[in-house]
Amino acid sequence: MIELLISRRSIRDYTEQPIEKEKIDILKQAALLSPTGKNKREWEYIFVDERETLAKLATVKPHGIKMLEKAALGIVVCADDEISDIWIEDASIAMATLHYTAHALGLGSCWIQIRNRMFHHEEGISSEKKMQEMLNIPEKTRVLAILSVGYPADERAPNQLDKLDYSKIHTNKY
Ligand SMILES: Cc1cc2nc3c(=O)[nH]c(=O)nc-3n(C[C@H](O)[C@H](O)[C@H](O)COP(=O)(O)O)c2cc1C
């Protein structure tokens, strides 16, 4: 686990190599193994592997999403806000679980934020609303983020333990 924490980076460029079914199955298991408050399991996942759909999804916000066009897979992480008032936390843990699992499988991935992002500012259309329309997601099923996944086309330097900012850690009091 510590090795994974150190070497994990956001990967935004992918090769054309498809992801093996066995690895996709493990990602599905990871999604469903992610913990939730009161064990409500209110998340819903959409595994998108159609190139055309990935390209369409890459338009739901202006920045920080173009890598979906090259990704072999996009995992949309949603959650039903009528089932749990802490759906954001639960969906975020699922995103992190998927991001680390992808890395453990030798895949690169990147969190693409959707919640609180806009498709069209002037017209007041959110990225979330646009995605709900595109993927037939019900209104109560909120979209947190998409994880773009693929075989890494670039190698990123691992994190360095000697660069950690220990001033962020407080003991007993702030
Ligand atoms: C909550 C969250 C939202 C993020 N949203 C985006 C995003 O929309 N687009 C993007 O390219 N990267 C996004 N990232 C990736 C961060 O930019 C990245 O984790 C950060 O710069 C640190 O780099 P590293 O992951 O390589 O260590 C997001 C990360 C988190 C945790």
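Rolling a 1.4 Å probe over the protein heavy atoms leaves Arg41 with an accessible area of roughly 110 Å². Summing Lys and Arg as +1 and Asp and Glu as -1 over all other residues whose Cβ lies under 14 Å from the Cβ of Gly37 gives a net charge of -3. When the residues Tyr151, Tyr45, Tyr166 are ordered by accessible surface, computed with a 1.4 Å probe over the protein chains alone, the sequence from largest down reads Tyr166, Tyr45, Tyr151.
What's the long-distance tail for region 22-174, i.e. % of Cα pairs beyond 24 Å? Tail fraction, whole percent: 39.
Straight-line cross-link partners of Lys21 among the lysines, defined as a Cα under 25 Å from its Cα and at least 8 positions apart when in the same chain: Lys56, Lys66, Lys70.
Under the rule of -39500 (n - 2.57) per DSSP H run of 4 or more residues, summed and divided by the residues of the chain, what mean residue ellipticity at 222 nm is obtained, to the nearest 500 deg cm²/dmol?
Values: 5 runs with 53 residues, N = 174.
Helix contribution divided over all residues of the chain: -9000 deg cm²/dmol.
Atom-type composition of the exposed protein surface of the chain places 52 percent of the accessible area on carbon and sulfur (1.4 angstrom probe).
Straight Cα distances below 19 angstrom link Lys28 to the lysines Lys40, with same-chain residues fewer than 8 positions distant left out. Among the protein heavy atoms, those of His121 account for about 140 Å² of accessible surface (1.4 Å probe, every chain in place). The loop-placed GluC sites (Glu not before Pro) in region 81-158, going by DSSP, that have at most 15 neighbouring Cβ atoms within 10 Å of their Cβ come out as Glu82, Glu122, Glu123, Glu139, Glu155.
With a sphere of radius 12 Å drawn around the Cβ of Arg51, what net charge do the other residues whose Cβ falls strictly inside it have (Lys, Arg +1; Asp, Glu -1)?
Numbers: positive: Lys56, Lys70; negative: Glu16, Asp49, Glu50, Glu52, Glu69.
Within the 12 Å Cβ shell, the charges total -3.
When only Cα pairs below 8 angstrom with a gap of at least 6 residues are kept, region 38-95 shows a relative contact order of 42 percent. Using a cutoff of 8 angstrom between alpha carbon atoms and counting only pairs six or more residues apart, the relative contact order for the chain works out to 33 percent.
Counting only protein chain heavy atoms and rolling a 1.4 Å probe, the accessible areas of Asp13, Asp80 rank, largest first, as Asp13, Asp80.
The values are calculated or read from the model by the stated rules, or taken from the named source; none is laboratory data. For clarity, every value in this text was computed on a predicted model and none was experimentally measured. For neighbour counting, all protein chains shown are included, and Cβ atoms are generated from backbone atoms with ideal geometry for every residue, glycine included. Surface areas here come from the heavy atoms of the whole protein model, side chains and all, with no ligands, DNA or RNA. Shrake-Rupley method; radii C 1.70, N 1.55, O 1.52, S 1.80 Å.
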